[in-house]
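The values are calculated or read from the model by the stated rules, or taken from the named source; none is laboratory data. Please read these numbers as outputs of a predicted model, since none were measured by experiment. Note: ideal-geometry Cβ built from the backbone for every residue, glycine included; neighbour counts use all protein chains shown. Keep in mind that these areas ignore ligands, DNA and RNA; they rest on the heavy atoms of the full protein, side chains included. Shrake-Rupley method; radii C 1.70, N 1.55, O 1.52, S 1.80 Å.
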Amino acid sequence: MKMPTTWNGWATRVSLYVREGKKLLGEPRFPIKIAEIARDYTRNVFPGDPITHIEGKNFNGKFEGALVPNEAREWAIFYDTGHTSKGRINFTLAHELGHYLAHRHLSGEPFYCSRRDMWEWDSAYARMEAEANGFASLILMPPDDFREQTRDFRSPTLASFEPLRNRYEVSLTAVVLNWLKTTSRRAMLVVSNSGFIDWSWGSEPLFKSGVFFRAKQVTIAVPDRSLAVFGPSQNVFEIQHPAGVWNEREPVFESVVFSEYHDMTLSLLIFPSTGPDRWPDREAEPELLDTFDAFRR
Ligand SMILES: [Zn+2]
C-alpha cells in the first residue's frame, strides 16, 4: 500500500485503522488512546524502525513530550510526568506520533517539544509543531464525529466543552481550539496567567471581521471588568459584557475556567454573529485589542 506523504494523509490513514480496528473488536471508537495503538501500528507499518517504548519522564515542565531514536533504530516517546492530566498526555503522545509519521525522515534529530512550541500554535519554528498538533487533533477528534458533537453549539460556554474533553481524552484547550478552527461563530480563546494575557486564538470569521490581536510586544493585562481578572473565588463563570470590556464596539459573552493547568485562566469570548461595520472610520482603526498577541496566519 502506498504511504501517505503528508501529516493529514497520515492522520486519515491512522484514523481509519483505529475506526475499523475498534469495529472489528466491537469496542467503542472513543476515546482514542494513543498509548494503545502507537506500538502496534508502527510495528506493522514500519518494522524496520518502529516505536517500541512509551514512558513518562520528569522533564520538570521543560518539555511536554519527546520522540527519540536509539542505536537499534527503534523510537521512544517520552511524556512529562510533571502534570497529571491524562488528556494532556494523550494529546502529547498523538503529537509525537505525528512527528514520527510525518517528520522523522526530515530532521534526523530527536524531537523535544516544549509547552510553548506545542500550545502557542503559532510559533514560527513551529511548522512541524503545527503539523504535529494538526495530526493530533485530527486523530483524536475526527471531523465527522466532532461536527456531530458540536452541531448545537450556538453560544457555547467552556462548560459546554467539558463532555468532549472526556469523550476524546484531550485537554479542554485542545477541544476548544479544535472548535475554533472550524466554527462559523466569531469567537476567541484567551489564555491568561495572573491577570496577564499569555496567548490567544480567534476563529477565522472573527479574524475576517477585523478583530484580531497585534503581535505581542508588551505585557497586556486582561480587561478590568472581565471574569478573567477576578479568579474563582467570585464564583461567576459566565457573563454577558456590554461593549467596552473586551472590545470597544461590541458586547462579548465571556465564560471562564480557572487553572486548567497551573495558574492558567481560560476565557472563551463569543462575539455577536455579525460584526459592526468593519471600517467605519479608517483613521480610528485599528482599535481592537491591538496590543495582544496575533496568530500569524
Ligand atoms: Zn513537537
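Here are some notes:
- Residue match in segment 72-84 (condition: farther than 19 Å from Ser171 by Cα, of a type in the set (S, T, N, Q) and within 20 Å of the chain's Cα centre (by Cα)): no
- Reported count of residues in segment 22-38, each being of a type in the set (A, V, I, L, M) and surrounded by fewer than 10 Cβ atoms within 10 Å (Cβ to Cβ), is 2.
- Scanning segment 90-110 for residues that are at pLDDT below 95 and more than 13 Å from the ligand (Cβ to nearest atom), we see that the one that is least open to solvent (accessible area, probe 1.4 Å) is Gly108.
- Pairing residues of segment 8-27 that are in the same structural domain as Ala132 (by TED's automatic domain parsing) with residues that are among the aromatic types (Phe, Trp, Tyr) and surrounded by 14 or more Cβ atoms within 10 Å (Cβ to Cβ), at Cβ distances under 6 Å and at least 6 apart in sequence or on separate chains, gives Ala11/Phe135.
- Residue check for Phe135: within 20 Å of Thr182 (Cα to Cα), modelled with pLDDT of 95 or more and within 16 Å of the ligand (Cβ to nearest atom): yes
- Residue satisfying condition, being under 22 Å from His83 (Cα atoms), acidic (Asp, Glu) and surrounded by fewer than 16 Cβ atoms within 10 Å (Cβ to Cβ), within set Glu148, Glu162, Glu169: Glu162
- Among residues of segment 49-71 being open to solvent by 10 Å² or more (accessible area, probe 1.4 Å) and among the hydrophobic types (A, V, I, L, M, F, W, C), the one that is nearest to the chain's Cα centre (by Cα) is Phe63.
So that you can scan it fast, the table gives a plain yes or no per residue for (1) under 30 Å from Tyr17 (Cβ atoms); (2) in contact with a Ser or Thr (Cβ under 8 Å, 6 or more places away or on another chain); (3) among the acidic types (Asp, Glu):
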{"site": "Glu148", "(1), (2), (3)": "yes, no, yes"}
{"site": "Arg154", "(1), (2), (3)": "no, no, no"}
{"site": "Ser160", "(1), (2), (3)": "no, no, no"}
{"site": "Pro163", "(1), (2), (3)": "yes, no, no"}
{"site": "Thr183", "(1), (2), (3)": "yes, yes, no"}
{"site": "Phe196", "(1), (2), (3)": "no, yes, no"}
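- Residues of segment 111-132 satisfying the condition of being within 11 Å of the ligand (Cβ to nearest atom) and either in a loop (DSSP other than H, G, I, E, B) or modelled with pLDDT of 85 or more (or both): Phe111, Tyr112, Cys113, Ser114, Ser123, Met128, Glu129, Ala130, Glu131, Ala132
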